[in-house]
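Down below is the structure, laid out as C-alpha cells.
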Amino acid sequence: MTDINITRNVLKVVSVFVNNPESDLYGLELSEHTGIAYGALLPLLIRLEEAGWLIGDWEPIDPKVVGRPKRKYFRMSEDGMARAKELVNKEVAFLSGRVQPV
Amino acid sequence: MKAFLAWLLGAVFSGLVWDEVSHQFAKRGWTRSLCRWFIAVGSRTMPEDHRESYIEQAMPEIENLLAERRHLAALRVGFSFVTTLPVAFALSDCVYCLTAVVQVPFYIALYFSENSTVPADFVMRAGVGYFFLFLGYGVLWRVVGIYRTGLMSRFSTNGTRFGLVPLIPVMAMSHVEVFLAHGHSTMAALFALHMLAFGFVLFVLSTPILSRKLFHKA
C-alpha cells in the first residue's frame with residue numbers, strides 16, 4: 001500500500017468506509033454520501049485503488065439477465081482501513097482536542 | 001390566487017414537458033452519447049493510463065440511471081466530468097488563448113485604419129509582441145495541457161488564476177486608452193466589451209467556489 005496526498009476529499013471518502021466497514025459501495029453511492037460530484041470522485045477512487053487503499057470488484061451479475069450493466073463496488077483493504085482509521089482519529093482529535101478511537 | 005394557480009399549472013406543465021423531452025432525448029440515445037462525450041473530454045485531463053478506466057467505470061453508472069429513467073441525474077453525472085477543476089481551468093485557458101488570438105485583428109485594424117494617428121511601429125510592436133507572447137505561452141502550455149496529465153492543468157490553472165485574471169482589467173484599460181487616445185471610440189468600446197465577456201467567463205471557470213456552485217448541485 002502506498003501513501004497518497006491526503007486531501008479533504010480523501011478524508012470524506014475514507015470516513016464513509018470507516019463508518020460502514022462491512023459495506024461495499026459503488027461510485028454513485030459514494031458520491032451521494034460524500035457530496036463529491038461523481039466526475040471528481042472517480043479519479044480519486046481509481047487513485048485510492050491503485051495505492052492499495054481500496055479494492056474494487058465488478059458485480060458478479062449477468063447484465064443480460066438483470067437488464068443493467070455491472071457496477072464496480074469498492075471496499076477498503078485491511079491496510080487501507082487501518083490507515084483510514086488513523087486519519088479519521090487524527091482529524092477528530094484535531095477538531096475536538098482529544099482522541100476518540102473509532 | 002390566480003397568479004399562484006397559473007404558476008402551479010406552469011410548473012406542472014413544464015415538469016411534464018421536461019419529463020417527456022428528456023425521455024425522448026434518452027430514447028434516441030442522445031443522453032448516453034452526450035454523457036460519453038463529457039466523460040471522454042473530462043478524462044483528457046487525467047493520466048493516459050487512467051482514461052479507459054474512467055469511461056469503463058462511469059458509463060455503467062450512467063446506464064443504470066437511464067434505466068431508472070433518471071435522465072437529469074444521468075446528465076448531471078456526465079456533466080460533472082467536464083466541470084471538475086482541472087477541466088474547468090483547462091477550458092478557461094483555451095478561452096484565454098483563443099481570445100488572445102482574437103485580439104490581434106484589433107491591432108491589425110488599427111494599423112490599417114485610414115484615420116489612424118498611431119505610429120505604425122507602435123502598433124506593429126504591440127500587436128505582434130502580444131500575439132507571440134500569448135501564442136507561445138497560451139497554445140503550447142494550455143491547449144496541450146488538456147491532453148496531458150493533470151499536472152499540466154494544475155500548472156496552467158494557477159497561472160491563470162493568480163497571474164492572468166488579475167491582469168485582465170489592467171490590460172484591457174491600457175488598450176482601451178490607446179484606442180480612445182487615437183480617436184477610435186467604436187473599437188475601444190468593442191474591445192472593452194470583448195474583454196469584459198472574456199474576463200467573466202475566465203473568472204467563473206477558474207474560480208473553484210463559483211464553478212462548484214454553478215455546475216455541481218448539492
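The values are calculated or read from the model by the stated rules, or taken from the named source; none is laboratory data. This one's a predicted model, so the numbers in the text were calculated from it and none came from an experiment. For neighbour counting, all protein chains shown are included, and Cβ atoms are generated from backbone atoms with ideal geometry for every residue, glycine included. These area figures cover heavy atoms from the full protein model, side chains too; ligands, DNA and RNA do not enter into them. Shrake-Rupley method; radii C 1.70, N 1.55, O 1.52, S 1.80 Å.
Brief remarks on what is shown
- For chain A, the Cβ-based charge dipole about the Cα centre amounts to some 260 debye (Lys, Arg positive; Asp, Glu negative; other atoms uncharged).
- Each peptide among A:73-80, B:48-55, B:71-78 gets the average number of other Cβ atoms lying within 10 Å of its residues, and from highest to lowest they stand as B:71-78, A:73-80, B:48-55.
- Relative contact order %, chain A, counting alpha carbon pairs below 8 Å whose residues are six or more apart: 30 percent
- Only protein heavy atoms count here, probed at 1.4 Å, and on that basis chains A and B bury about 1600 Å² of accessible area in total.
- Burial of accessible area (probe 1.4 Å, heavy atoms of protein chains only) in the stretch A:1-37, relative to its chain alone, reaches at least 10 Å² for A:LEU28, A:GLU32, A:ALA37.
- Taking amide H atoms as placed 1.01 Å from N in the peptide plane, the amide H of A:ARG71 lies under 5 Å from those of A:GLU59, each 5 or more residues away in sequence or on another chain.
- Structure remark: mean-square fluctuation, Gaussian network model of chain A, C-alpha springs under 10 Å; the largest value among A:VAL65, A:VAL18, A:VAL92 belongs to A:VAL65.
- If the segment from B:HIS50 to B:ALA181 were pulled out straight at 0.36 nm per residue, it would be longer than the present Cα-Cα gap by 41.8 nm.
- Separation of the A:ALA82 and B:SER33 label points, Cα + 7 Å toward Cβ, nm: 5.2 nm
- Other protein chain Cβ atoms within 10 Å, averaged over every residue that makes up B:59-66: 5
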